[in-house]
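Following: one structure in structure tokens, then a few remarks.
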Amino acid sequence: MSISVVAPELYETQLADKKAGVIKLFSCFDLPDIEVYESPRSHYRMRCEFRVWHEEDDLFYVMFEKGNNSVRIRIDHCPMVAKRIHDMMFKLLEEIRPSEVLRRKLFQIDFLSTLSGELLVTLLYHRPLADDWIEEAKKLKEKFNIQLVGRSRKAKILLDQDFVIETLDINGRDYIYKQVENSFSQPNGEVCRHMIKWALDATQGAGGDMVELYCGNGNFTLPMAQNFRRVVATEISKTSVRAAQYNIEANGIENVDVVRISSEEFSQVLSGAVEKRRTKDLGLDRCDFTTVLVDPPRSGLDDETVKQVQSYENILYISCNPETLKLNLETLTQTHELKRFAIFDQFPYTEHLECGVYLTRK
């Protein structure tokens, strides 16, 4: 994790600068009004990791200057992380510091928290972990009322479970999400809620069925199902697919199917270019796919997927990289018109920004 300065008094100015940067970057398009969704000013990160530094008998967290991992900064206060994390992360080190079993070759601590108050901590080591570690780790788990995982080379030790359960209130309904350690989940819980609500509003009245690529654990999938007759979602990560299937059942949603397949392969299946065993029982030929939702990695959509995405009447694109979004829009706007454009400040006090666009066929 690299350091960023949390300065609430500068937040509005910095967000205005981000908005201005987006308007400039996308100036070649006929933009609708930019919708802006703010972050909490502090304690906004629900997922984070810290390197642990050993200096004689001392033990402390460090972060690094952006782009320079040789310059480390000691962390004794961290207002960017969720309150649940901040209230225990330094007390945790106080308990680990005097224990040779817990501190020896500990090099990193990961935290995964929820808006609903759960917390999972992962301790990472450059050594094998044995029964003596388990006994000491159990004391930490009980003292702080957390889930605790130990990781070392090719080994993972669970004291109980390796996930937390998040509950998000979306327009008056609570959605339950299983979030697994060491796999993707949205880092800013409150901004995540804004993103889901915006996506629901943008697709209101779209009707028919929806295809979703890069669905993760079903973050958008589950609430979005209410706007469509059926949703078919894809994800390549086994862990995320299992979490998504758990979440579908936990929320009692009956019109969603999740299949483990890459977006590129699924696009080929939908275009009729190939057949895949994993999709043969989905009855895709009976679907009326009006809408596609894509939430790709920073690299954006590959050329083949862009072409496939253009076959839908409506395109909902969530982007974590405005630069690759712009490149994809250069093609997508040849066939579709930009109707909605939102920015979501997932990472305040940094240059990073999430965007959401909704396009309909011209």
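The values are calculated or read from the model by the stated rules, or taken from the named source; none is laboratory data. Note that the structure is a prediction, hence the values are computed from the model and not measured. Here the Cβ is made from the backbone with ideal geometry for all residues, glycine too, and neighbour counts use every protein chain on show. Quick note on the areas: whole protein, heavy atoms, side chains included, nothing else; ligands and nucleic acids left out. Shrake-Rupley method; radii C 1.70, N 1.55, O 1.52, S 1.80 Å.
Mind grabbing the accessible area of residue 198 for me, 1.4 Å probe, Å², rounded to tens?
Accessible surface of residue 198 is approximately 0 Å².
Rounded to the nearest whole Å², what accessible area per residue is found for the range 288-354 with the 1.4 Å probe?
Counting only protein heavy atoms, the per-residue value for the range 288-354 is 37 Å².
Report for the chain the percent antiparallel among DSSP-assigned beta bridges with both residues inside it, nearest 5.
Once the DSSP bridges in the chain are tallied, antiparallel ones form about 65 percent.
Quick one: accessible area per residue over the range 120-271, 1.4 Å probe, rounded to a whole number of Å²?
42
How tilted is helix 83-96 with respect to the longest principal axis of the chain? Cα atoms for both, answer in degrees (0 to 90, nearest 10).
Relative to the chain, helix 83-96 is tipped by roughly 30 degrees.
Between beta-carbons, use under 12 Å as the cut-off and find the net charge around residue 339, counting Lys and Arg +1, Asp and Glu -1.
-3
What's the magnitude of the charge dipole for the chain around its Cα centre, counting Lys and Arg as +1 and Asp and Glu as -1 at the beta-carbon? Answer in Debye, nearest 20.
540
Using only Cα atoms, find the angle between the long axis of helix 11-25 and the longest principal axis of the chain, and express it within 0 to 90 degrees, rounded to the nearest 10.
40
Which of the GluC sites (Glu not before Pro) across the range 1-99 are loop residues per DSSP, with 12 or fewer other Cβ within 10 Å?
Of the GluC sites (Glu not before Pro), the ones in loops of the range 1-99 whose Cβ has at most 12 other Cβ atoms within 10 Å are 56.
Which residues does a label at residue 17 reach in the range 76-116, if reach means a backbone N under 11 Å from a point 7 Å past the Cα toward the Cβ?
Residues passing the 11 Å test: none.
Taking only Cα atoms and a 10 Å spring cutoff, compute GNM fluctuations for the chain and point out the largest among 243, 82, 16.
Sorting by GNM fluctuation, first place goes to 16.
Just reorder 160, 209, 295, 285 by solvent-accessible area, largest first, 1.4 Å probe, all chains present.
Largest accessible area first, the residues go 285, 160, 295, 209.
Can you grab the distance from the C-alpha centre of the range 36-70 to the C-alpha centre of the range 295-334, Å, no decimals?
Computed from Cα coordinates, the inter-centre distance equals 32 Å.
Across the range 163-177, in residue order, what do the Karplus-derived ³J(HN,Hα) couplings come to in whole Hz, using 6.51 cos²θ - 1.76 cosθ + 1.60 with θ = phi - 60° and x for Gly and Pro?
8, 10, 10, 8, 10, 10, 7, 10, 6, x, 10, 7, 10, 9, 10
How much of the accessible area of the range 4-48, in percent, comes from carbon and sulfur atoms when a 1.4 Å probe is used?
52
Please enumerate, by chain and number, the lysines with C-alpha under 19 Å from the C-alpha of residue 362, excluding those fewer than 8 residues away in the same chain.
Partners found: 307, 326, 339.
Using a probe of 1.4 angstrom, how much of the accessible area of the range 112-263 is carbon and sulfur, in percent?
Within the range 112-263, the accessible surface is 44 percent carbon and sulfur.
When the solvent-accessible surface of protein heavy atoms is calculated with a 1.4 angstrom probe, in what order do 37, 246 fall, highest first?
I get 246, 37, largest accessible area first.
Roll a 1.4 Å probe over the protein chains and send me the accessible area per residue for the range 1-116 in Å².
54
Round to the nearest 10 and report in Å² the accessible area of residue 256, as given by a 1.4 Å probe over the protein chains' heavy atoms.
Result for residue 256: roughly 10 Å² accessible.
Give me the percent relative contact order of the range 37-122, please, defined on Cα pairs under 8 angstrom at least 6 residues apart.
34
Could you sort 91, 326, 19 by their accessible area in this structure, using a 1.4 Å probe and putting the largest first?
Putting 91, 326, 19 in descending order of accessible area: 91, 19, 326.
Just grab the label-to-label distance for residue 337 and residue 53, each label 7 Å out from Cα along the Cβ direction, in nm (one decimal).
5.6
Modelling each spin label as a point 7 Å along the Cα-to-Cβ direction, I'd like the residue 362/residue 153 distance in nm, to one decimal.
5.8
Give the relative contact order (percent, whole number) for the range 180-286; include only Cα pairs under 8 Å separated by 6+ residues.
The value is 23 percent.
Of the heavy-atom accessible surface of the range 299-362 (probe 1.4 angstrom), what whole percent is carbon and sulfur?
On the range 299-362, the fraction of accessible area on carbon and sulfur atoms equals 47 percent.
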